[in-house]
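Notes follow once the structure below has been shown.
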Amino acid sequence: MIIRLVAKLIALLNSNGRASEIGAGIAFGLWLALVPGGNLLFFALALTAFLVKINLGLTIVSFAVFLPIVPIADRLLDRIGYWILTRAPLEPVFARLLSTTIVPWTRFNDTIVMGGLVVGVVLFVPVAALATLFVRLYRRYIHARIAQSKIVKAIKATPIAQKLSAAIAQVRRVWPAAA
């Protein structure tokens with residue numbers, strides 16, 4: 001199970017998928033992790049992830065990676081959300097939204113939900129740009145060096161590495177590289 005997951009990640013980084021789609025997928029996963037689940041806003045964001053052209057696999061992986069880390073930022077998200085929700089010019093807008101039938105299900109008036117939404121919006125472009133840059137640098141410089149190193153060649157000779165290699169080949173057959 002873990003071997004297949006590692007194989008999928010390696011195949012993704014080395015695939016012909018666009019680096020920008022991979023970067024956007026990572027940024028979207030962070031955004032999803034910042035917004036607490038169980039409300040309409042989270043489900044709308046998750047549905048959006050399926051509708052836009054991003055790497056859905058890395059969205060799910062980055063969501064799973066960031067989800068246990070995000071509670072460390074809850075105090076900051078709470079402060080940011082409180083600051084936004086208590087701005088006098090926005091109070092009539094928020095009051096009107098709360099009087100509608102569907103918008104209250106988004107729980108936007110929860111300080112952590114609002115803070116997570118806003119921080120996710122603010123961090124989306126920088127995280128996507130950094131992740132895209134990392135993927136491009138990895139593909140251009142790091143991958144070739146790692147693949148040709150003596151350590152990797154020695155590891156490739158082990159039985160578990162051969163299973164991993166077979167799993168990657170199988171993933172590529174089932175999950176072809178994007179154009």
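The values are calculated or read from the model by the stated rules, or taken from the named source; none is laboratory data. On a predicted model such as this, the values are computed, not experimentally measured, just so you know. Here Cβ is always computed from backbone atoms with ideal geometry, including for glycine, and neighbour counts include all displayed protein chains.
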Filter region 132-179 for residues that are of a type in the set (Phe, Trp, Tyr), surrounded by 13 or more Cβ atoms within 10 Å (Cβ to Cβ) and modelled with pLDDT of 75 or more and give the result.
PHE134, TYR138
Taking region 83-111 and keeping only residues that are assigned to a helix (DSSP H, G or I) and loosely packed, with under 14 Cβ neighbours inside 10 Å, one is left with TRP83, ALA88, PRO89, LEU90, GLU91, PRO92, VAL93, ALA95, ARG96, LEU98, TRP105
Single condition ILE69 does not satisfy, out of (1) modelled with pLDDT of 90 or more; (2) touching a helix residue (DSSP H, G or I) at 6+ places or on another chain (Cβ under 8 Å); (3) under 29 Å from ILE102 (Cβ atoms); (4) surrounded by fewer than 17 Cβ atoms within 10 Å (Cβ to Cβ):
(3)
Restricting attention to region 49-65, which residues are under 26 Å from VAL103 (Cβ atoms) and assigned to a helix (DSSP H, G or I)?
ALA49, PHE50, LEU51, THR59, PHE63
Could you tell me whether region 40-48 includes any residue that is more than 17 Å from VAL127 (Cβ to Cβ), touching a Phe, Trp or Tyr at 6+ places or on another chain (Cβ under 6 Å), touching a residue at least 24 places away in the same chain (Cβ under 8 Å) and assigned to a helix (DSSP H, G or I)?
yes
What about ALA73, is it touching a residue at least 60 places away in the same chain (Cβ under 8 Å), hydrophobic (A, V, I, L, M, F, W, C) and either assigned to a helix (DSSP H, G or I) or touching a strand residue (DSSP E or B) at 6+ places or on another chain (Cβ under 7 Å) (or both)?
no
Looking only at region 92-99, decide whether some residue is of a type in the set (Gly, Ala, Ser) and in contact (Cβ under 8 Å) with a residue 60 or more places away in the chain.
no
